[in-house]
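First the structure, in the form of structure tokens, and then the observations on it.
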């Protein structure tokens with residue numbers, strides 16, 4: 001017997017409302033800062049790799065600790081604002097990726113539970129159609145049969 005009903009905890013109406021409100025606040029907060037890069041711009045500006053980020057960190061460190069060695073051609077206030085944006089965005093992305101992973105797992109468990117129940121319901125319809133003379137099961141089976149193509153290959157039981 002397969003393990004099913006893995007998702008024992010479900011969203012309450014209040015949780016759904018609160019999460020959607022938080023997402024709306026987040027969307028609104030980012031709206032003014034959001035930049036919609038074209039694919040070409042993404043390729044052009046997205047070339048700062050990890051090694052180059054280390055260079056940025058090193059330059060910032062020098063500017064913070066030995067400012068007399070810093071270029072006068074750099075707007076250091078803007079540099080620090082960009083650096084802070086990058087740092088804050090990285091921290092937020094880490095949290096969002098954690099939330100994304102949680103939501104993916106919730107969805108996977110729900111999908112699995114729904115799928116096993118759908119299979120169970122299909123088998124029930126086939127059983128009722130075969131052994132009971134109740135109306136409607138044959139139509140239900142026919143409607144669902146498209147999801148079970150007959151390939152001529154049978155699964156080996158382990």
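Each value in this text was obtained by applying a stated rule to the coordinates, not by laboratory testing. Since we're looking at a predicted model, the values are computed, not measured. Note that each Cβ is placed from the backbone with ideal geometry, even for glycine, and that neighbours are counted across all protein chains shown.
So the values come out like this:
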item	result
Stretch gain in nm, segment residue 79-residue 92, where the contour uses 0.36 nm per residue and the Cα spacing is subtracted	2.7 nm
Rounded tilt (10° steps) of 76-131 against the dominant C-alpha axis of the chain	0 degrees
Helix 13-31 vs. the chain, principal-axis angle (Cα, 0 to 90°, nearest 10)	30 degrees
Computed label-point distance, nm, for sites residue 118 and residue 17 using a 7 Å Cα→Cβ extension	3.1 nm
Per-residue [θ]222 nm for the chain (sum of -39500 (n - 2.57) over DSSP H runs n ≥ 4, rounded to 500)	-23500 deg cm²/dmol
Cα long-axis angle, helix 50-65 against the chain (0 to 90 degrees, to the nearest 10)	40 degrees
Residue 111-residue 58 FRET efficiency (beta carbon distance; Förster radius 30 Å; 0.05 resolution)	0.05
Residue-span extension gain [residue 28 to residue 5] - 0.36 nm each, minus C-alpha spacing	4.6 nm
Rg/Rh (Cα only; Kirkwood hydrodynamic radius) as it applies to region 1-84	1.24
Linear extension gain, residue 100 paired with residue 66, 0.36 nm per residue minus alpha-carbon span	8.2 nm
For the chain, Kirkwood radius (reciprocal of mean inverse C-alpha pair distance, Å)	22.4 Å
Estimated FRET transfer efficiency when R0 is 22 angstrom, pair residue 128-residue 148 (beta carbons, to 0.05)	0.85
